[in-house]
Amino acid sequence: MSDQRASGTIVGVNGNLVAVRRHGPVRQGEVAEVECGSERLMAEVIRVDGEVAQLQVFEDTRRVAVGMKVAFRGELLSVTLAPGMLGTIYDGLQRPLHRLDDRQGLFLRRGAQAPAVDLQRQWAFHPTAAPGARVQAGEFLGWVQEHHIRHHVMVPLDLRGSATLIHVADAGDRRVDEVVAILRTDDGHERAVTMQQRWPVKRAIDRHERRLHPRQRLVTGCRIIDTLFPIVRGGTACVPGPFGAGKTVLQQLLARYAAVDLVIVVACGERAGEVVETIEELPRLVDPRTGGSLMERTIIVCNTSSMPVAAREASIYTGITLAEYYRQLGLDVLVLADSTSRWAQAMRETSGRLEEIPGEEAFPAYLQTRIAGLYERAGLVELRDGSTGAVTLIGTVSPAGGNFEEPVTQATLSVVGAFHGLSRARSDERRYPAIDPLESWSLYPRRIDDDDPAWDAAVEFCRTTLRRAAEVDRMMTVVGEEGVPLGDLVVYLCGELLDAAYLQQNAFDELDACTPMDRQKRDLVRIHRALTMEPSLPDKVAARRFFASLTDAFYQRNYCAPGSPELVEQDLRIDQLLAQVGPTATRAGAA
Amino acid sequence: MMRTHRGIDTINGDIASVFADGVGFGELAVIRNPDGEESLAQVVRLAGRRVALQVFSGTRGLSVDASVRFLGRPMQLRVSQQLLGRVFDGSGRPRDGKPSLDEGEPVELAGPSVNPIRRRLPGRLVETGIPMIDVFNPLVESQKLPIFSEAGEPHAQLLARIGLQARADVIVFGGIGLPFDEAMFFQQTFEEGGVMGRTVMFVNTAADPVVERLLVPDLALAAAEQLAVAGQRVLVLLTDMTAFADALKEIAVSMEQIPSNLGFPGSLYSDLAARYEKAVDLPGAGSITILGVTTMPGGDVTHPVPDNTGYITEGQYYLTDGCISPFGSLSRLGQLVVGKATRDDHGPLMNAMIRLYARAQEAHKKLAMGFMSTETDARHLRYGELFRRHFMDLEVELPLLQALDLGWRTLAECYEPQQVGIKREVLQARWPGEVTP
């Protein structure tokens, strides 16, 4: 960090962009404070042009005037990394929202400042390293317990090269700003280590041994994702969709049910009401993996659509940096960024004010690079002690007019590992989740960490049937049902059954909202067996009647708990239905 | 701090520049022409000593000899009960010939956002007496909903009716770029309907300055916010938000901003969101509910204005062929009140009625294409006709509970109980007549 801190004087204001005549050296990306009366407004250097630096202010610039003073902080836009962040709701600059109230206690106060974690709280520190050890950035010195997480205290991540540990504090209660260790760096300086450290958000935390090829399934509990378009720990996915197609509900489901250690929700430029729903809901729900509340494994970074635009751009970086920190602790983290389009639009607004030459739809020419750079920060890594940690990033995209040809969707599609495209047609028909089974894709291998031929065959059957059913459906809109042969109608009805009883899920039903992987396998294999038994159906009326009952039975089954008498009853009903139409169906196997 | 400067340097579009010191961004100024005419103006850009001002009443006739007085503060509005029953223009001046406001603490327009964690989860129904709203897409207190409409549709009548019938303590009306006749229509309707006493109107007609179109939503919402903080349940009606967006475009272009889609500024989403997000349910105080009319140019919902609006608001009402369409219309917050703040049969009944109406449409299409028609199709067709007459007709006014009862009677008139796809317990409790197992 630079020792010399520059100052400056404002010479121009254009929206949230201020021009500053600088006295002293400044850095690109350096944070500064605009002194507007008694308020201190945070800003960031985004362009330097000789003596004049352009700063984007992270707050409303009302009343900022030419001649006002600016103090540069000598630090790039950074976050604090320490125990005590879990369950907190931050703004895009990592200020805890519960500390940003104005006098009325309702509105956000401009220029408010608050530490990211509670500095008074005592943590029971347990040392694990001994003096004399040679250490590198990111190595563990001790730990504190935070909810279900063993939060390791690390050698500062910005340490260059190696250092010798010359002191470690004894076990006992410590605040995050108390010294818990002292290092001697190779150039002879002593450096005190506390439980908190700072890291610039636009730089990836890369203090691991190596990046690994991700190939472990991340179970989301959403059948269409896990079965047809899986994602992996350390992978990336995008969820584009027009408004009203169910992006938000899908994100909320992932935040609730994804099998990970930690979830970081970045509410970027979306409705404040959705954050309220999340805040009301998560503390009430129990995490089946830990027994604690789901809020204890969640951090929300919240820059809703009426909060300042410049901080919106920062919010996604804040979220991913927090995730990288926890990955460094050996944890498995899921980042949900809703929505990356608002983030891209924030870049567009700033780019426009800087009068940069616009690219497609006025987005800056570097849009693609920034999007690629963001998704590249996800990944599975091996840490120096041989353990692994992962950051999985799922971003929603809100394409203008619901048209996937627009620049943000296209730039995103070229870098992500899975595409869960939401379709207006499906949401209009209330087929939720409205992920289009024909358009979506996943580059991750379908057989991720298992070897089960029956399951493979069932998944393959599901894909083929859905495709053929869609073809028959198109044909029927032209020639009517009377124009297609019985065999084709059966294919179509099989497709409808798979859709209604397997791909669709009721987000508001406690049981159906999340299906564990083993149940997904059993259920799909059972459907597969039932549908491949070649029923003898005399005519189309009989076919429709048979499939209506079968679909209903499989559908009702989704609402039955494993091992419950209701499930047995539905299975019996299915067996009876199959027995009526085919000789080979009797031993379809109860789940 | 009052500072007066004589002489204007440049005039370009509605922007005038002067040289001055110590002026704050967003500050308000009064420009006085040598002929005595005055207009408000707002600082929109500072570059050295050059101050760019957006002149509210436009720059036509503005003299380079005019004087500029800076007021040392951004635009404000005095909010008190005194506002009620009054009509103002887009600069906040009386339009009704009555005196200016002198009560109430002045508040800045477009103030800070409510802290997201201080919002209350919405859960109270705003009953409007319009079955397509109350039954199928209920309006919830603190919701923001646009009416997606087209030229020629009766959106003004619909909005005025909601104003008259909705249960709200205060109505704040914002008219943006309205034809004079339409502005008069709203005022007369509110007066004749007896709600003017709890209404405040901010009106900018199509003949009024464009810059003032931008201020109307901010004035309306600043008033609404103060009244809500004071405990009132406020309903804000804004029409037409497309005219607001067009004004944004016009001014952005004259400020030489780089346009994104169809000439609209890249900030269109944030600009619209900043207004709609004022809708809020405040803990221990009142609430703001926003209904806005967005006319879709060419009926195209993918046009940037309705498209961005759809991403911001919590659902939408589609007004097509003089009715609120049962398909596409959506109240995202409906699930928070249906069956909870209403009656337990509301949810299943509403879903079944929409599903059956979709069948009725299919049967209708089948008939038109000459495919075979069955006995069930005949039932669907009859139901479709009754549904349009009893529920979709905008003239119908029914309290919610009566509308639900009518829904059951309509179903019973057309179908057997096992044909409607409703759970048995609900049928047994509500079906008019015998439900045989």
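Rule-based calculations on the coordinates, nothing more; no lab input. Predicted, not measured: the structure shown is a model, and the values here were computed from it. Because the Cβ atoms are built from the backbone with ideal geometry, glycine has one as well, and the counts that use them run over all protein chains shown.
Observations, loosely collected:
- Across chain A, the mean sequence separation of Cα contacts (distance under 8 Å, 6 or more residues apart), normalised by length, yields a relative contact order of 12 percent.
- The value of relative contact order for segment B:2-58, using C-alpha pairs under 8 Å at least six residues apart, is 33 percent.
- Angstrom value of the Kirkwood radius, inverse mean 1/r, which spans all Cα pairs in segment B:346-430: 13.5
- Tail beyond 54 Å, pair distance distribution of the protein assembly as shown (Cα, percent): 22
- Helices of chain B meeting both criteria, an alpha-carbon length of 24 angstrom or more along the long axis and an average Kyte-Doolittle score not below -0.5, with helices taken as full DSSP H segments, are B:210-229, B:346-369.
- For segment B:77-333, the calculated P(r), taken from all Cα-Cα distances in 10 Å bins from zero up to the bin holding the longest distance, is 7, 33, 39, 18, 2 percent.
- Straight-line reach from A:K202: taking Cα to Cα under 23 Å and skipping same-chain neighbours fewer than 8 places apart, no lysines fall in range.
- Panel order for B:K98, A:K521, A:K247, by other beta carbons found within 10 Å of each beta carbon, from fewest to most: B:K98, A:K521, A:K247.
- Put a plus charge on the Cβ of each Lys and Arg, a minus charge on the Cβ of each Asp and Glu, and nothing anywhere else: the dipole of segment A:381-488 about its Cα centre is then about 260 debye.
- Selection of trypsin sites (Lys or Arg not before Pro), segment A:145-224, meeting DSSP coil and at most 13 other Cβ within 10 Å: A:R160
- Percent of C-alpha pairs per 10 Å bin in segment B:231-313, short distances first: 17, 45, 26, 11, 1.
- For chain B: Kirkwood Rh in Å [reciprocal of mean 1/r, alpha carbons]: 23.7
- Proxy reagent accessibility, fewest Cβ within 10 Å first, across A:H213, B:H364, B:H346: A:H213, B:H364, B:H346
- By the rule of a C-alpha distance below 17 Å, with chain neighbours fewer than 8 residues away ignored, no lysines are paired with B:K249.
- The HN-Hα couplings worked out from phi for segment B:423-432 by the Karplus form 6.51 cos²θ - 1.76 cosθ + 1.60 (θ = phi - 60°) are 4, 4, 4, 5, 4, 4, 6, 10, 4, x Hz, whole numbers, x standing for Gly and Pro.
- Reachable aspartates and glutamates from B:K278, criterion Cα separation under 15 angstrom, eight or more residues apart if same chain: A:E270, A:E274, B:E108, B:E141, B:D218, B:E225, B:E314
- Sequence-ordered 3J(HN,Hα) estimates for segment A:14-19 from the Karplus curve with 6.51, -1.76 and 1.60 and θ = phi - 60° stand at 9, x, 8, 9, 10, 9 Hz, glycine and proline given as x.
- Residue (of B:S67, B:G48, B:Q81) at the positive-pole extreme of segment B:45-88, dipole from beta-carbon charges: B:G48
- Radius of gyration (Cα atoms) of segment A:453-581, expressed as a multiple of 2.2 N^0.38 Å: 1.07.
- Computed on chain A, the Cα convex hull volume stands at 164 Å³ per residue.
- Close amide H pairs (under 5 Å, H built 1.01 Å from N) link B:S57 with B:L40, residues at least 5 positions away or on another chain.
- Computed from Cα atoms alone, the Kirkwood hydrodynamic radius reported for segment B:96-178 is 16.2 Å.
- Over all orientations, segment A:7-76 has a Cα convex hull whose mean projected area works out to 3.8 square nanometres.
- Placing unit charges on the Cβ atoms only, positive for Lys and Arg and negative for Asp and Glu, gives the protein assembly as shown a dipole magnitude near 1720 debye about its Cα centre.
- Share of pairwise Cα separations in segment A:208-275, more than 13 Å, in percent: 72
- Distance distribution note for segment A:123-195: the fraction of Cα pairs above 21 angstrom is 19%.
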